[in-house]
Structures are given as structure tokens and as C-alpha cells.
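The structure under discussion appears below in the form of C-alpha cells.
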Amino acid sequence: MKRVIVRYRVKPERVAENEELVRAVYAELHEAAPDGLRYGTFRLEDGVSFVHIAEHADDNPLPLIAAFQRFQEGIGDRCDEPPLAVEMHEIGTYRLLEDKR
């Protein structure tokens, strides 16, 4: 499994738009229910920074999600600080990313 964290900062006037696009991704994910993906998005305390955490198999299903494609289309224009993606390597976790259902 590959684990990735992505951080970026959007323009203040584009926060609501970014959140709407992100919510559309989750709506489609809930419908499609792709196997091998765990994914979370968080807005940070400053109100304009976002973090996405993903865990997926070698074949990442996110790029196949139409709403994710729409989210990525204008990301550069929405951002004051562009997305920076880095792979994470687990040292240890406690109940992180557990399914709450």
C-alpha cells in the first residue's frame, strides 16, 4: 500500500469552491466504492490550507473518478501555494484511518 499526503493553500475567495469540489469527490467515491482506497481531506486551522491523506494499492483509483478529475482541473488557479505531494512511510499508528462504520 502506498500512503501519500498532499498539502496546498487556496486563495481565500476560492475556499468554498474548493470545498464543494472536494465534497463532490466524496459523493462519487461513496457511489463507486472503489476497492483499495482510503482517503481523507482536512481544512487546516488557517481556513485556507488543505491536507489530503490517501492510502491505496499500486493502482490508485482516484484518477478514474470524474469528480476528482474536475477537482484537479483548476487546482493551480485556485491555489496561492500549489499542491505538494509526498509519500509517507509508517512508523506507527493508533486507530488512525480506521473505518468508523
- Task: With all protein chains present, calculate the accessible area of Asp58 using a 1.4 Å probe and round the result to the nearest 10 Å².
- Result: 150 Å²
- Query: Any idea which of Leu62, Cys79, Leu44 is furthest toward the positive side of the dipole for the chain, if Lys and Arg beta-carbons carry +1 and Asp and Glu beta-carbons -1?
  - Reply: Leu44
- Task: Over the chain, consider all pairs of different Cα atoms and compute the Kirkwood hydrodynamic radius from their mean reciprocal separation; express it in Å, one decimal.
- Result: 14.4 Å
- Task: Once you have the Cα-Cα distance between Asp77 and Ala24, take 0.36 nm times their residue separation minus that, and quote the gain in nm to one decimal.
- Result: 17.2 nm
- Query: With +1 on each Lys and Arg Cβ and -1 on each Asp and Glu Cβ, how big is the dipole of the chain about its Cα centre, in debye rounded to the nearest 20?
  - Reply: 200 debye
- Zone of Leu64's modelled label, taken as backbone nitrogen in the range 13-38 under 16 Å from a point 7 Å along Cα→Cβ: 28-38
- Quantify, in whole percent, the carbon and sulfur part of the accessible surface of the chain (1.4 Å probe; protein heavy atoms only). 50 percent
- Taking a ≥ b ≥ c as the square roots of the eigenvalues of the Cα gyration tensor of the range 9-52, is the shape rounded (a/c under 1.5), prolate (a/b larger than b/c) or oblate? oblate
- Query: Got a sec? Charge dipole of the chain, +1 on Cβ for Lys and Arg, -1 for Asp and Glu; which of His89, Asn18, Leu29 is way out at the positive end?
  - Reply: His89
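The values are calculated or read from the model by the stated rules, or taken from the named source; none is laboratory data. Note that the coordinates shown come from a computational prediction; the quantities given were computed from them, not determined experimentally. Positions of Cβ are backbone-derived with ideal geometry, glycine not excepted, and every protein chain shown enters the neighbour counts. The area values use the complete protein model at the heavy-atom level, side chains included, leaving out ligands, DNA and RNA. Shrake-Rupley method; radii C 1.70, N 1.55, O 1.52, S 1.80 Å.
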